[in-house]
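Quick notes on the structure that follows.
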Amino acid sequence: MERATAIRAGARARAAKLAYVPADHEPVLAEELVELLDPRPGETFLDCTFGAGGHARLVAERLGAGGELIAVDRDPEAERRWREFSKHAPCRTRFLRSDFAPALEGLRGAGVRPDGVYLDLGMSSMQVDAWERGFSYAYDAPLDMRMDPDQKLTAAEIVNEWPQERIARVLREFGEERRAGSMAREIVRRRPIETTAELVTAIKAAVPPADRFGRGHPAKRAFQAIRIAVNGELEALDRALPLAWQLLAVGGRMGAISFHSLEDRRVKRFLADRARGCVCPPEIPVCVCGREPDAELLTKRALAPTPDEIERNPRSASAHLRVARKLSDERSGNGNGDGRGNGGS
Ligand SMILES: C[S@@+](CC[C@H](N)C(=O)[O-])C[C@H]1O[C@@H](n2cnc3c(N)ncnc32)[C@H](O)[C@@H]1O
């Protein structure tokens, strides 16, 4: 807790000098992320989820003219935002419109070794607020929810074509929804369902009136679940974490902001495993595995937004940030030299 307070105090002092925060978008846990990732002049950073570029602006300012920010996002709207950003960016920058997992593979192939990598997971405010994209249960819109509009799978296909049991599994596994079975049954019974409002009605019909209060909007978890399924969010994260770590230069920092426990659990386990040394059974008195940690956790426990931030930006409420520093390349399968030198930048 003390460490978190110190991080925030330092971050606030520095953030006061930063000029690039746009008025229309508030990046989540931004001070904490930048302070822990500690971008330095001349370094290369990889923003896997550019969105509206809120974090990228802060990072770019620290990288300065000699540094490079590589931005990735699968949403063409993020690319449009990046084009604006690139006109005034204080460092070199390039954009890859792609799912972050294949983008990371491509960068590995090109020999890029960034000093910092970060992922700010989930959907952006831009995506939620573009009502016609169907991410929100608050607006009536066609059932879409694709982050990449060129992708074939939409929410409409899941809702109208997937078997009831598969829909129930999505709601249970990706939404941790207690009423997954009855919601899936109601959805299938009411097909065809064409809009988000029709989907909300079906979901509400599966929730007994006494349960409709006290757990937030009754469709919140189901919408999250369907969005995760449409965008393959957890598979992408599972692929991306080891790739991002492998890419990272020794001494580099990796951070992830998650918005629900399914993401945070993955990030936590991944980093904890990297930070773990000896894995010998406890009954063996002397280590025979020889395993050394290849990460230092810079957040022992996930950082959450302050009450002030939540008040300013209620969408930050469920955010959790974890950051680690890479100590060695031994377990990343890079094994050549000290891991420095940005071959592709
Ligand atoms: C929470 S927003 C990022 C906001 C950004 N950090 C900012 O400050 O403006 C998440 C972004 O990540 C993108 N995204 C999510 N999953 C992705 C994936 N697997 N590959 C590429 N982009 C992804 C979304 O399209 C969205 O623009």
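Scanning residues 5 or more positions from Tyr139 or on other chains, none has an amide H under 5 Å from its amide H, with H placed 1.01 Å from N in the peptide plane. For the chain, the average shadow cast by the Cα convex hull is 19.8 nm², which is a quarter of the hull's surface.
Distance distribution note for the stretch 202-289: the fraction of Cα pairs above 21 angstrom is 55%. For the stretch 226-315, which GluC sites (Glu not before Pro) are in a loop by DSSP, counting at most 12 other Cβ atoms within 10 Å? For GluC sites (Glu not before Pro) across the stretch 226-315 that sit outside H, G, I, E and B with at most 12 neighbouring Cβ atoms in 10 Å, the list reads Glu283. Only Lys, Arg, Asp and Glu carry charge here, each on its Cβ (+1 for the first two, -1 for the last two); on that basis the stretch 130-231 has a dipole of about 460 debye about its Cα centre.
Averaging 1/r over each pair of different alpha-carbon atoms in the stretch 130-231 and inverting the result gives 13.2 Å, the Kirkwood hydrodynamic radius.
Residues considered: Pro307, Pro41, Pro142. Largest GNM mean-square fluctuation over the chain, using C-alpha springs under 10 Å, is found at Pro307. Calculated mean residue ellipticity, 222 nm, the chain: -12500 deg cm²/dmol, from DSSP H runs (n ≥ 4) at -39500 (n - 2.57) each, averaged per residue and rounded to 500. Considering only Ala256, Pro281, Pro114, and ranking their Cα positions along the charge dipole of the chain that arises from unit charges at the beta-carbon of Lys, Arg, Asp and Glu, the one farthest toward the positive end is Pro281. Helix 220-231 axis versus longest C-alpha principal axis of the chain: approximately 60°, rounded to the nearest ten. Non-local lysine pairs in the chain, meaning eight or more places apart or on different chains, with alpha-carbon distances under 18 Å, amount to 4. Positive-end ranking of Ala184, Pro209, Ile158 along the dipole of the stretch 130-231, with charges on Cβ about the Cα centre, is headed by Pro209.
Throughout, read-outs are computed from the coordinates displayed, never taken from laboratory work. This one's a predicted model, so the numbers in the text were calculated from it and none came from an experiment. Every residue, glycine among them, receives a Cβ derived from its backbone with ideal geometry; neighbour counts consider all protein chains shown.
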